[in-house]
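Undergrad: Following this message is one structure expressed as structure tokens.
Since every read-out is calculated from the coordinates, none of them should be taken as a lab result. This is a predicted model, so every value here is computed, not measured. Cβ placement follows ideal geometry from the backbone for every residue including glycine, while neighbour counts extend to all protein chains displayed.
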Amino acid sequence: MVFLLQFHAFLQYALFQVLFVETAKRQIGLYGGSFNPVHLAHLQAAQTAVEEQGLDRLIFVPAAQSPFKSRGKMAEDSDRIRMLRTALAGRPDFGLDEREIKRGGVSYSIDTVKYYRDRYPDAALNYLIGSDQIATLLKWRNVEELAELVYMLVIPRPGSEVQELPHSFRGHRLKGTLSDISSSVIRDRIRRNRPINHLVGSNIAELIDRYRLYST
């Protein structure tokens, strides 16, 4: 009888350990994009994801070249990195990964996700995606493998049509009310010599002005 009680206690302890490890998994967020330039809505979405999903760290991953966009009026890679470093300064829960820019060529999310899966095999990987990107999600490289590796955090775009994730993906829409700011609008305002401090913050606006970014 004593043995059975001890064995039962051991099973309860073992089950507790399994559940504790499962719920205590490190939560890592990956936020890919051009960030051309980074703006306050990017930072707001990142903060919302950290708070709602309980992320331990959210890593910004600027792309060298999106498979779905031409470079167009893309700032130099060094300028985009400089702006991101400035925007993320003093935020230990945010990080910056330059691997896609250093790798060059077209950037594919699956390559970066697999790197983090290998580096942090016990972590839960979360990937931030704008709701306007869902329409092209099934065209992403190795999409089925991507669906197995990440949990999608969908950033709602004010005024955009609500689209559901494909069935193969796990994820949910962030609940916070996010600002309706776009990098293309910011670049257009710069070309027309309109103020942008309220869209990017004074520190990023100062960098854009100092290095004459997007002015032509």
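Undergrad: Extending each Cα 7 Å along its Cβ direction at residue 68 and residue 119, get the distance between those two points in nm, one decimal.
TA: The modelled label-to-label distance comes out at 2.5 nm.
Undergrad: Test of understanding: what is the full-extension gain from residue 167 to residue 93, defined as 0.36 nm times their sequence separation minus their Cα-Cα distance?
TA: Working: separation 74, 0.36 × 74 = 26.64 nm, distance 3.07 nm.
In short, 23.6 nm is gained.
Undergrad: Further question: For n ≥ 4 DSSP H runs only, could you compute -39500 (n - 2.57) per run for the chain, divide by its residues and tell me the 222 nm figure to the nearest 500? Could the numbers behind the result be given before it?
TA: Details: 9 runs with 93 residues, N = 216.
Helices in the chain give a 222 nm mean residue ellipticity of -13000 deg cm²/dmol.
Undergrad: Could I ask something else about it? Multiply the residue separation of residue 103 and residue 135 by 0.36 nm, subtract the distance between their alpha-carbon atoms, and state the gained length in nm to one decimal. List each step's numbers first, then the result.
TA: Numbers: separation 32, 0.36 × 32 = 11.52 nm, distance 2.66 nm.
Computed gain between residue 103 and residue 135 is 8.9 nm.
Undergrad: Within region 26-178, count lysine pairs with alpha carbon atoms under 20 angstrom apart where the residues are 8 or more positions apart or belong to different chains.
TA: Summing the qualifying lysine pairs gives 5.
Undergrad: Let me ask you something else. Multiply the residue gap between residue 192 and residue 143 by 0.36 nm, knock off their C-alpha separation, and tell me the result in nm, one decimal place.
TA: Details: separation 49, 0.36 × 49 = 17.64 nm, distance 3.96 nm.
Residue separation times 0.36 nm, minus the Cα-Cα distance, leaves 13.7 nm.
Undergrad: What is the chain by shape, rounded, prolate or oblate, if you read a ≥ b ≥ c off the alpha carbon gyration tensor as root eigenvalues and call it rounded for a/c under 1.5, prolate for a/b larger than b/c, and oblate otherwise? Present the calculation step by step, with values, prior to reporting the outcome.
TA: Numbers: a/c = 2.31, a/b = 2.11, b/c = 1.09.
Prolate is the answer for the chain, as a/c is 1.5 or above and a/b outweighs b/c.
Undergrad: Within 12 Å, Cβ to Cβ, of residue 175, how many net charges do the neighbouring residues add up to if Lys/Arg are +1 and Asp/Glu are -1? Please report the intermediate quantities before stating the final value.
TA: Working: positive: 173; negative: 51, 52.
Local net charge: -1.
Undergrad: Mind ordering 167-175, 196-204 by average Cβ neighbours within 10 Å, highest first? Before the final figure, lay out each step's value.
TA: Numbers: 167-175: 14.4, 196-204: 17.0.
Going by the mean number of other Cβ atoms within 10 Å, highest first, we get 196-204, 167-175.
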